[in-house]
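Chemist: What follows is a structure written as structure tokens; I'll ask about it next.
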Amino acid sequence: MENTEEIIALYPTIFVIFGVTGDLAARKLLPALLSLYSKGMLPKRFSIIGFSRRPFSKEEFRDFIRSKINIRFGQFREEDVKHFLDHIVYVRGLFDQVDSFKLLATKLHEIDKSWGQCSNKLFHLSVPPSLYEGILHQLHDSKLALPCSDETGWSRILIEKPFGNDTKTAQSLDALLGKLFKEKQIFRIDHYLAKESLQNIIAFRFANSMFEPIWNSKYIDRVHIKLFESGGMNGRGKFYDSVGAIRDVGQNHMLMMLALIAMDKPESLSSNDIRAARAHVLKKLEAIPTRSMTDRVVRGQYVGYISEEGVAANSKTETYVRMEARLNLSRWKDVPFYIETGKAVAETKTEIDIYFKNIENKKSEHDPIKQNILTFRIQPDEGIKIRFFVKTPGHGLITEAKTLKFKYSDTPFFGMIPDDYERLINDVFIGDQTLFASTDEIMASWKFVTPILENCERLPLKRYNKGVTEVE
Ligand code: BG6
């Protein structure tokens, strides 16, 4: 039986990137492909077709990619970069135009012909969501997304978040995908699912029998999920202004983290069971009643946001949000899950704090509240820490807080942590959908988020200064 790497290496594959000149391709996608290439993890025969509107000659396109692609100094050998760029071809076209897709088809056929084989095709929609519909129709009508046969030459479609704008638009996008393609062809990206430290939540929870019995409302007081970024718009103002923090990361990355913390042990580690366990939790998110909206949702915008390139001068888009979610599950009865995210705050960090209940309600100067906290540090500096109490040496029975820490950087694993996009691309190659969002998960998270979005205009928008540690 072939192993994963052999399977990938064996089948020639063409990776088509719609929107290759955009930020995502330069920041995440191309570096991940280059990294896979340098590790010998791409098919022996592969080609990347960049598709975009800009007029580029072959050389101009190569230079453009080289100048834009996010490579840390010394990360790759110059030889690898050079050879990798030889595999990239450019097709200029419009995303909803028949002729452009004819051109793309010609290019795909040319490559297949030179390989003497019908290759696998992977179509990545690295474009703003408003362009999805046009591309999906063209892919379908041009028959480019038809697999070569049942056995060889699969064809898969990778879609980025945000998947829709609210429940209604997500439903219609889903209906369109269902009409045009088979479910096994569709890979809906939420790159957080592919982060090593998120995978570690599942491993940690279910591989350590000491935590599962106390993983419930009897012992857990609250959960706080934070995704903070010190950066602002970095040239993404136009896109961000049309989505805001709730849609950008709240509806997807943050709720996925909640699902991993709150889900039951899946029946098995199969893709279907893991996705079903996550979806089950998300379906149990209680809608925030309109009357409680102002107490449970806080929106903010950093000072200077409206001067960012591409942002409307009178924009009311939130760059910060804090939401209090609750789950209609007996395991989590009365346990609030705080979801908090912000741009341009003091520090870039993503972490999840699980606050256990106080053993006693006593609090004094010498004897602080005994609240254990388990922290999953998602990034940077991935790891886990536990706050616990020990006796202060001396006569009385006074305790003090200490911390037990596990950091990946202290272990030989460091440097081995796969990049999220590398893992996603690898999984698309082998057809494993575990780390991709399912329709059920996406619909359940929109169901929770849509009423909040509908009430946004009525919620105050707090202004905060760049670099704050807390949004009051
Ligand atoms: C993206 C959001 O999905 O996730 C960005 O659109 C955000 O606004 C990013 O910065 C955060 O991802 P990561 O992997 O850098 O934490």
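The values are calculated or read from the model by the stated rules, or taken from the named source; none is laboratory data. Here the structure is a predicted model, which is why all the values come from computation and not from measurement. Please note: Cβ atoms are built from the backbone with ideal geometry, for glycine as well, and neighbour counts cover all protein chains shown. Side chains included, ligands, DNA and RNA excluded: accessible areas come from the protein's heavy atoms. Shrake-Rupley method; radii C 1.70, N 1.55, O 1.52, S 1.80 Å.
Chemist: Going 7 Å from the Cα of K182 along its beta-carbon direction, which residues of the range 405-430 have the amide nitrogen within less than 16 Å of the resulting point?
Modeler: Zone members listed by number: 429-430.
Chemist: Still on this model: Among L397, L424, I378, whose Cα projects farthest towards the positive end of the dipole of the range 375-426, with charges put on the beta-carbon of Lys, Arg (+1) and Asp, Glu (-1)?
Modeler: The residue sitting most towards the positive pole is L397.
Chemist: Hey, another quick one. Roughly how many Å is it from the Cα centre of the range 258-329 to that of the range 171-229, as a whole number?
Modeler: 12
Chemist: Loop only by DSSP, 16 or fewer other Cβ within 10 Å of the Cβ. Give me the trypsin sites (Lys or Arg not before Pro) in the range 58-144 that pass, ordered by residue number.
Modeler: Sites meeting the loop and neighbour criteria: R72, R77, K143.
Chemist: Compute the distance from the alpha-carbon center of the range 75-92 to that of the range 393-449, in whole Å.
Modeler: 31
Chemist: Spit out the partnerless Cys residues in the chain, using Cβ distances under 4.7 Å as the pairing rule.
Modeler: Unpaired cysteines in the chain: C456.
Chemist: Moving on. Less than 11 Å Cβ to Cβ from N455, Lys/Arg counted +1 and Asp/Glu -1: what total charge do the surrounding residues give? Present the calculation step by step, with values, prior to reporting the outcome.
Modeler: On the way: positive: R291, R296, R299, R458; negative: E454, E457.
Here the charged neighbours net out to +2.
Chemist: Then there is this: Relative to the longest principal axis of the C-alpha atoms of the chain, give the angle of the C-alpha long axis of helix 271-283, reported between 0 and 90° and rounded to the nearest 10°.
Modeler: In the chain, helix 271-283 runs at an angle near 50 degrees to the longest axis.
Chemist: While we're looking at this one, here's another question. At a threshold of 8 angstrom on Cα-Cα distance, excluding pairs fewer than six apart, so keeping six or more, what relative contact order does the range 4-160 reach in percent?
Modeler: It comes to 29 percent, rounded to a whole number.
Chemist: On a full-extension model of 0.36 nm per residue, what is the gain between S149 and E5, subtracting their alpha-carbon distance, rounded to one decimal in nm?
Modeler: Fully extending the segment from S149 to E5 adds 49.6 nm.
Chemist: How much of the accessible area of the range 4-160, in percent, comes from carbon and sulfur atoms when a 1.4 Å probe is used?
Modeler: So the carbon and sulfur contribution to the accessible surface is 50 percent.
Chemist: Roll a 1.4 Å probe over the protein heavy atoms and report the accessible area of E6 in Å², nearest 10.
Modeler: Per-residue accessible area (E6): approximately 90 Å².
Chemist: To continue, here is another question. Among 457-465, 35-43, how do they line up from the highest to the lowest mean number of other beta-carbon atoms within 10 Å?
Modeler: Top of the packing list down: 35-43, 457-465.
Chemist: Going highest first, how would you order 277-288, 304-315, 165-176 by mean Cβ packing within 10 Å?
Modeler: The most tightly packed comes first, giving 277-288, 165-176, 304-315.
Chemist: Looking at the range 394-460, which chymotrypsin sites (Phe, Trp or Tyr not before Pro) are in a loop (DSSP not H, G, I, E or B) and have at most 16 other Cβ atoms within 10 Å?
Modeler: Passing sites in the range 394-460 are F413, F414.
Chemist: Which value in nm describes the separation of the simple spin-label points at K402 and T169, placed 7 Å from the Cα toward the beta carbon?
Modeler: 5.3
Chemist: Any idea how far apart H137 and D264 come out in nm if each label point goes 7 Å out from Cα toward Cβ?
Modeler: Rounded to a tenth, the inter-label distance reads 4.4 nm.
Chemist: Oh, and also: Can you compute the FRET efficiency between S57 and D80 using 1/(1 + (r/R0)^6), with r the Cβ-Cβ distance and R0 = 35 Å? Round to the nearest 0.05.
Modeler: 0.90
Chemist: Something else: Could you tally the net charge around K283, taking each other residue with its Cβ under 13 Å from the Cβ of K283, Lys/Arg +1 and Asp/Glu -1?
Modeler: 0
Chemist: Right, next: Mind running the shape call on the range 4-160? Use the C-alpha gyration tensor, a ≥ b ≥ c as the square roots of the eigenvalues: rounded below 1.5 for a/c, prolate if a/b tops b/c, oblate otherwise.
Modeler: Oblate shape, in that a/c is at least 1.5 and b/c is the bigger or equal ratio.
Chemist: Counting Lys +1, Arg +1, Asp -1, Glu -1, what net charge surrounds G153 among other residues with beta carbon under 9 Å of its beta carbon?
Modeler: With Lys, Arg at +1 and Asp, Glu at -1, the neighbours total -1.
Chemist: Just to make sure I understand: if all protein chains stay in place, what is the order of E400, E78 by accessible area at 1.4 Å, largest first? Could you put the intermediate results ahead of the total?
Modeler: Values: E400 65, E78 105 Å².
Putting E400, E78 in descending order of accessible area: E78, E400.
Chemist: Say each of R291 and A207 gets a label point 7 Å from the Cα, pointing the same way as Cα to Cβ; how far apart are those two points in nm?
Modeler: Roughly 4.8 nm, to one decimal.
Chemist: Which is farthest toward the positive dipole end of the range 210-330 among I288, V303, T319, measuring Cα position about the Cα centre, with Cβ charges +1 (Lys, Arg) and -1 (Asp, Glu)?
Modeler: Farthest towards the positive pole: I288.
Chemist: Now a separate question. I'd like to check one number: the per residue accessible area of the chain, probe 1.4 Å, reported in Å² as a whole number.
Modeler: With all protein chains present, the chain gives 48 Å² per residue.
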